[in-house]
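The structure appears right after this line, and notes come after that.
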Amino acid sequence: MNNPVRVAITGAAGQIGYQLCFRIAAGDMLGPNQPVILQLIEIPPAKDALEGVAMELEDAALPLLHGIVTTTELDEGFKDADVALLVGAKPRGKGMERADLLAENGKIFGPQGKSLNAVASRDVKVLVVGNPANTNALIAQANAPDLPAENFTAMTRLDHNRALAQLANKTGTHHTRIKQMTIWGNHSSTQYPDLHHVNCDGKTATDLVDRDWYENDFIPTVQQRGAAIIKARGASSAASAASSAIDHIRDWVLGTDGDDWVSMAVPADGSYGIEPGVIFSFPCTCEDGQWKIVQGLDINEFSQARLDATDKELREERQAVESLL
Ligand code: NAI
């Protein structure tokens, strides 16, 4: 058996956190031979709920679970963390402007970045799930100057998986037979789900579906799926979000499959004309615990306009939190 991996989760008593704890402790994220220690972080009002989650984790007697820390102190929760899932965030209140939401979340992700910088493993893999995820990740990264910037990522894997599901339904193909899906940009309604490079059971996806469906059904459905779930369920996506967070970390740690790739929001490095300064979702492959942006994909005029739009939104978000960077 390997040494236990320390997995820190903020917002661990919330909807997504509750799902994450059990799936990670069951081995879904790091494999059936990898013990874990869960370091669960909450804010004081949720401390009792967090203790309840820890009691349930104990009661499940999961073989891979080698320890549980519950805390409201960041430095205790992030101590030596190998993986940090930043899920807890301030939800958008009534009448709150986007800039206010960004500023409120900045107050959370700045200190979290500082704490990770001070106490986490130097190889910590950070995934920000809490919204606005890309810009929260940027704030955390900017506040952790001693950690490599590439350790900080944000989640667009749920959007990626939603896009697989929509195309699978449309073409009658099982989603495991669909490869090279890409979500570009921000985890918001400006994200761009790109079918141009997708291989659907050996065929080019854009040859299988008509243009009208792609532009006027597929793209808006994927972009608006979060809102559709809230409308149907009366609560935001939780199990699917946790599942996608697990996919993101699993592939980052254990590697992507063959010639397939995944969507990860990572620090822009100039690839595809996206200048550094934002956390942008790209097609990525992973090997030996490192992600790499897939290079050389053709970007047509239609795609370029969408990449530009989501980049513009991210630059505006960045401007709104400039003082926190
Ligand atoms: P929730 O409200 O059920 O749980 C959030 C938890 O975070 C609460 O228990 C709260 O006490 C805790 N929390 C708040 N501030 C905290 C802080 N500073 N430190 C530690 N814990 C803190 O919310 P849910 O459904 O679990 O969603 C969490 C976040 O994930 C939201 O921001 C949501 O918008 C986002 N989300 C992102 C998705 C993505 O694809 N990137 C998909 C779905 C949700």
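The values are calculated or read from the model by the stated rules, or taken from the named source; none is laboratory data. Keep in mind that this is a model prediction, so the values were computed, not measured. Neighbour counts are summed over all protein chains in view; Cβ atoms, including those assigned to glycine, are modelled from backbone coordinates with ideal geometry. Heads up: the accessible areas ignore ligands, DNA and RNA and are worked out on the full protein's heavy atoms, side chains in. Shrake-Rupley method; radii C 1.70, N 1.55, O 1.52, S 1.80 Å.
So if I check each of Arg306, Arg233, which one is loosely packed, with under 14 Cβ neighbours inside 10 Å, out of contact with any Gly (no Cβ under 7 Å at 6 or more places or on another chain) and over 21 Å from Gly27 (Cα atoms)? Please lay out each step first, then the result.
On the way: Arg306 fails: loosely packed, with under 14 Cβ neighbours inside 10 Å.
Result: Arg233 is the single residue among Arg306, Arg233 that is loosely packed, with under 14 Cβ neighbours inside 10 Å, out of contact with any Gly (no Cβ under 7 Å at 6 or more places or on another chain) and over 21 Å from Gly27 (Cα atoms).
If I filter region 12-41 down to residues being open to solvent by less than 20 Å² (accessible area, probe 1.4 Å) and more than 15 Å from the ligand (Cβ to nearest atom), which single residue comes out as farthest from Ile246 (Cα to Cα)? Explain how you work it out, then say what you get.
In the first step, residues of region 12-41 are kept if they are open to solvent by less than 20 Å² (accessible area, probe 1.4 Å); the result is 12, 17, 20-21, 24-25, 27, 29, 31, 35-36, 38-41.
Then keep just the ones that are more than 15 Å from the ligand (Cβ to nearest atom); that gives 25, 27, 29, 31, 35-36.
Values: Ala25: 11, Gly27: 10, Met29: 5, Gly31: 11, Pro35: 15, Val36: 14 Å.
So, considering only residues that are open to solvent by less than 20 Å² (accessible area, probe 1.4 Å) and more than 15 Å from the ligand (Cβ to nearest atom), the one farthest from Ile246 (Cα to Cα) is Pro35.
What's the number of the only condition in (1) surrounded by fewer than 24 Cβ atoms within 10 Å (Cβ to Cβ); (2) within 15 Å of the ligand (Cβ to nearest atom); (3) farther than 20 Å from Gln224 by Cβ that Ala149 fails to meet?
(2)
Taking region 3-27 on its own, how many of its residues are farther than 13 Å from Pro63 by Cβ and not in a helix (DSSP H, G or I)?
Total meeting the criteria: 11.
Looking only at region 215-246, count every residue that is away from the ligand (no atom under 11 Å from the Cβ) and of a type in the set (S, T, N, Q) and tell me the total.
4
Filter region 192-214 down to the residues that are in a helix (DSSP H, G or I), touching a residue at least 12 places away in the same chain (Cβ under 8 Å) and open to solvent by 10 Å² or more (accessible area, probe 1.4 Å) and list them by number. I'd like the intermediate steps shown before the answer.
From region 192-214, those in a helix (DSSP H, G or I) are 205-208, 211-214; that's our starting set.
In the following step, the residues that additionally are touching a residue at least 12 places away in the same chain (Cβ under 8 Å) were identified as 205, 208, 213-214.
Correct list: Leu208, Trp213.
Considering each of Ala239, Ala265 in turn, give the residue that is of a type in the set (Gly, Ala, Ser) and open to solvent by 40 Å² or more (accessible area, probe 1.4 Å).
Working: Ala265 fails: open to solvent by 40 Å² or more (accessible area, probe 1.4 Å).
None of the other options fit; the residue is Ala239.
Being in a loop (DSSP other than H, G, I, E, B) and polar (S, T, N, Q) is the filter here, so list the residues in region 237-267 that pass it.
Going residue by residue through region 237-267, those that are in a loop (DSSP other than H, G, I, E, B) are 237-238, 255-261.
Listed by number, the residues that qualify are Ser237, Thr256.
Residues checked against (1) in contact with a strand residue (DSSP E or B) (Cβ under 6 Å, 6 or more places away or on another chain); (2) open to solvent by 50 Å² or more (accessible area, probe 1.4 Å):
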residue: Leu158; (1), (2): no, no
residue: Ala163; (1), (2): yes, no
residue: Gly172; (1), (2): no, yes
residue: Thr190; (1), (2): no, no
residue: Gly226; (1), (2): no, no
residue: Asp247; (1), (2): no, no
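Answer yes if at least one residue in region 115-135 is open to solvent by 30 Å² or more (accessible area, probe 1.4 Å), under 23 Å from Val266 (Cα atoms) and more than 19 Å from the chain's Cα centre (by Cα), and no otherwise.
So far as region 115-135 goes, yes, one or more of its residues are open to solvent by 30 Å² or more (accessible area, probe 1.4 Å), under 23 Å from Val266 (Cα atoms) and more than 19 Å from the chain's Cα centre (by Cα).
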